[in-house]
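Since every read-out is calculated from the coordinates, none of them should be taken as a lab result. Model, not experiment: these values are computed from the prediction. Positions of Cβ are generated from backbone atoms using ideal geometry, with glycine treated the same way; all protein chains shown enter the neighbour counts.
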Amino acid sequence: MQAVAFIEAPWREPAAVLTALAEEPWAIGLISDGDGPWSYVAARPDATLTLAADDPRDPFEALAALAGPPLPADPEGPPFQGGVAGLAGYELGDRVEHLGLPRLSGWPDLACARYLALLAFDHRRRRIVAIGRGSDSEEARTWAAEALGWLSLPPPRAIAPGADLEADPPHEYEAAVAEVVARIRSGEIFQANIARRWRGRLAAGARPADVLDGLAIASPAPFASYLRLPGLALVSNSPERFVEVRAQDGVLLAETRPIKGTAPRGADLAQDRANAEALLASAKDRAENLMIVDLMRNDLGRVCEVGSVAAPALFRLESFANVHHLVSKVTGRLAEGRTAVDLLHATFPPGSITGAPKVQAMKVIADLEPPRGPFFGAMFRLGFDGGFDSSVLIRTAAFAQDADGWSVEMRAGAGLVADSDPAAERRETEAKASALRTALESRASAATEG
């Protein structure tokens, strides 16, 4: 796939374009809130890869083989010019740590596809670039024209999601928090992220894509995503980058931006500012964040050049529709011969949603939560040029289709340390889940054409 072709088109909102393709198996959207300069929509891949728990293949070798050896990218084009994209489920980490984790029924460890046609949305210049890859320029142009044609597809009528969600009982979650705190105080672990679950069904005729479209309008996030698999769908409104790899001056640079530390938005400007300042000053939240920074420094150190791993930003405040977060940044240079797939293997699952030490925290999580499946895994893209980017699947809803429509499950977690208060941590999960829950429960359609 050495040739690449670009065709420009006028701007439309990426979530609105995705709705016309969303019911096709393997349709995918990687949707930025606009602060990230690019969003992507792809469909109709030429190859797919799905690995269930009992599949004996090495998932990382299979992923690298699907992408193929790195090819040069056009420096004038978007960062992602075709390649592999998809889902790494949380229990893919069991292929790394071999803990014997149970699986969430129906969800694979890895589900990804190779896309030769895609649409790239340039938020800064307000344009769309249809991209095609092929063995020669003619084939590449054909695939680009295929992607351009998606802009002419009529969008379906949006239906309000109308889900009736029921949360796991508050006392059960608070009891799990109390148990983790006791295990931290006993010295078993330093931190663990424990999640709470909500379940329900979409209204008749509603689709998972309607949820994404509503979120894109009401609560945009830098790493929102959508994936449609046969009989399954995933909608994420994630604010968190997992790991990124990009080429610069002949070397591959790695970056991760772990989130730890949360405070709700205030009802008015004064309260909002007070909540943000309290979060910035919170010793508990800063310590929680620093533990994960240290964990991610260690993970990156497995595949980066000695001495190159650094944390150039600590405890930065980032604000979203419903919460403030503390966000740090860890960077490094991949060692010679190492690839983005090696980095994924070294860092998965994300430290911010497991804990420290990671392996023991995963064991604690398995004791207290049902299998996670897609929750707290990663959505990723691996370009033909070897570039990589991924999000942590927080603020995420998973859908399963049956004869009566779509069932839905969502989860939200909290990072627990020795002085965590069970009731406060429960309220934190509710704040984190609020935007997604509002979108799922909406009785009035928020989907509009961009």
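The slack in the chain from ASP402 to GLN271, taken as 0.36 nm per residue of separation less the alpha-carbon distance, amounts to 42.7 nm.
What are the trypsin sites (Lys or Arg not before Pro) within the stretch 94-163 that DSSP puts in a loop, where the Cβ has at most 16 other Cβ atoms within 10 Å? Hits after loop and neighbour filter: ARG124, ARG125, ARG126, ARG157. Among the GluC sites (Glu not before Pro) in the stretch 216-322, those located in a DSSP loop and surrounded by at most 16 other Cβ atoms within 10 Å of their own Cβ are GLU305.
Can you work out the FRET efficiency for the pair ASP419 and ASP367, with r the C-beta to C-beta distance and R0 = 22 Å, to the nearest 0.05?
Values: r = 21 Å, r/R0 = 0.97.
In this case the efficiency is close to 0.55.
How much mean residue ellipticity at 222 nm does the chain get from its helices, if each DSSP H run of length 4 or more adds -39500 (n - 2.57) and you divide by all residues, to the nearest 500 deg cm²/dmol? Please report the intermediate quantities before stating the final value.
Values: 11 runs with 132 residues, N = 450.
It comes out at -9000 deg cm²/dmol, rounded to the nearest 500.
Which shape class, rounded, prolate or oblate, goes with the stretch 344-403 when its Cα gyration tensor gives a ≥ b ≥ c as root eigenvalues, a/c under 1.5 marks rounded, and past that a/b bigger than b/c marks prolate? Write down the numbers at each step before the final one.
Details: a/c = 2.71, a/b = 1.12, b/c = 2.42.
Oblate, since a/c reaches 1.5 and b/c is not below a/b.
Using alpha-carbon positions, what is the distance between the centroids of the stretch 1-77 and the stretch 260-274, in Å? Comparing the Cα centres of the stretch 1-77 and the stretch 260-274, I get a distance of 36 Å.
Calculated FRET efficiency, LEU314 to LEU153, Cβ-Cβ distance, R0 = 56 Å: about 0.80 to the nearest 0.05. Each Lys or Arg adds one and each Asp or Glu takes one away; over the other residues whose Cβ falls under 11 Å from the Cβ of VAL129, this sums to -2. Residue separation of GLN2 and GLU166 scaled by 0.36 nm, minus their Cα-Cα distance, works out to 54.1 nm of gained length.
Dipole orientation for the chain: of the candidates ALA263, PHE376, VAL41, ALA263 has the Cα lying most toward the positive pole (charges on Cβ; Lys, Arg +1; Asp, Glu -1). Of GLY415, GLY405, GLY82, the residue with the greatest mean-square motion in the GNM of the chain, using alpha carbon springs below 10 Å, is GLY405. Counting other C-beta atoms within 10 Å, and keeping those with at most 15, which DSSP coil GluC sites (Glu not before Pro) do you find in the stretch 150-182? Answer in residue order: no site qualifies. The modelled label-to-label distance for the pair ALA178/LYS284, using points 7 Å beyond Cα in the direction of Cβ, is 1.7 nm. Charged neighbours of ALA120, selected by a Cβ distance under 15 Å, balance to -1 (K, R count +1; D, E count -1).
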